[in-house]
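Have a look at the structure below, then the notes.
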Amino acid sequence: ETGTSVPGLTTVDALRRLPEEVAMLHVGTLGLMLDPVGAALEAVVEALADRTLVAVDPNCRPGMIDDEDAYRGRLRRVLGRSHLVKVSAEDLAWLDPGAPPLSAARALLGAGPAVVLLTCGAEGAVALSATAEARVAGPRVRVVDTIGAGDAFTGGFLAWWGSRGLGPDALVRDDLVARATEFAVAVAALTCERAGASPPSLATGDGPLTPGRIGHPAG
């Protein structure tokens with residue numbers, strides 16, 4: 001965080017600058033690990049959780065965690081106020097050592113979120129809720145670079161959800177969650193076809209809504 005803007009984000013400033021209307025809030029990774037930004041984001045989650053869809057991607061970086069107990073405590077509190085959580089098998093191996101990824105992902109449902117999205121690399125993803133388990137296979141792509149695929153996945157899910165005007169209450173719709181997950185997997189797969197963190201864009205006609213891309217192998 002040395003030499004960056006991280007130390008400049010305080011809880012007071014973060015709350016003061018919140019817009020009146022926020023449709024979605026996505027937090028995670030280093031933002032929850034480093035203070036003062038971690039404390040500020042936790043306060044923002046608390047302020048918005050009752051009226052905004054809160055999505056969390058822990059994206060755990062053990063080498064950056066100075067105080068493991070403090071980080072786990074913050075993550076537990078944030079997860080308790082979240083609606084949607086995206087995790088990888090690597091995240092779960094640190095969060096719940098020794099537990100199979102699916103079991104660890106299901107356990108997160110008890111922490112607060114309505115839906116947990118478990119990404120499985122080339123195998124796609126699994127969307128878990130209290131009532132369903134939807135598996136989405138990953139399309140075959142020519143992998144150039146996997147950088148940014150996880151963020152593209154979460155961004156794809158939230159873009160699909162938000163474009164339909166859906167909020168946290170709709171996460172009980174397992175059919176909608178499955179469709180959004182299909183879109184997210186397609187976005188992540190297309191990102192892997194590019195060098196660097198370069199997600200696809202619908203505006204340029206290369207998005208995953210191109211006919212035949214979602215749920216089908218990409219040649």
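Here, the chain has an Rg and a Dmax of 17.1, 51 Å when only alpha carbons are counted. Heavy-atom accessible surface of the chain, averaged per residue, reaches 50 Å², computed with a 1.4 Å probe.
Using a 1.4 Å probe over the heavy atoms of the protein chains, calculate the carbon and sulfur portion of the accessible area of the chain as a whole percent.
54
For the set 146, 131, solvent exposure ranked by accessible area (probe 1.4 Å, protein chains only) runs largest to smallest as 131, 146. Counted over the chain, the DSSP beta bridges are approximately 40% antiparallel.
Rounded to the nearest 20 Debye, what is the dipole magnitude of the chain about its Cα centre when Lys and Arg each give +1 and Asp and Glu each give -1 at the C-beta?
Numbers: 19 positive and 26 negative charges, 108 e Å.
Taking the Cα centre of the chain as origin, the dipole is about 520 debye.
The values are calculated or read from the model by the stated rules, or taken from the named source; none is laboratory data. Quick caveat: nothing in here was measured; it's all calculated off a predicted structure. FYI the Cβ positions are ideal-geometry reconstructions off the backbone, even for glycines, and counts take in every protein chain you see. Side chains are part of the model used for accessible areas, which takes the heavy atoms of the whole protein and leaves out ligands, DNA and RNA. Shrake-Rupley method; radii C 1.70, N 1.55, O 1.52, S 1.80 Å.
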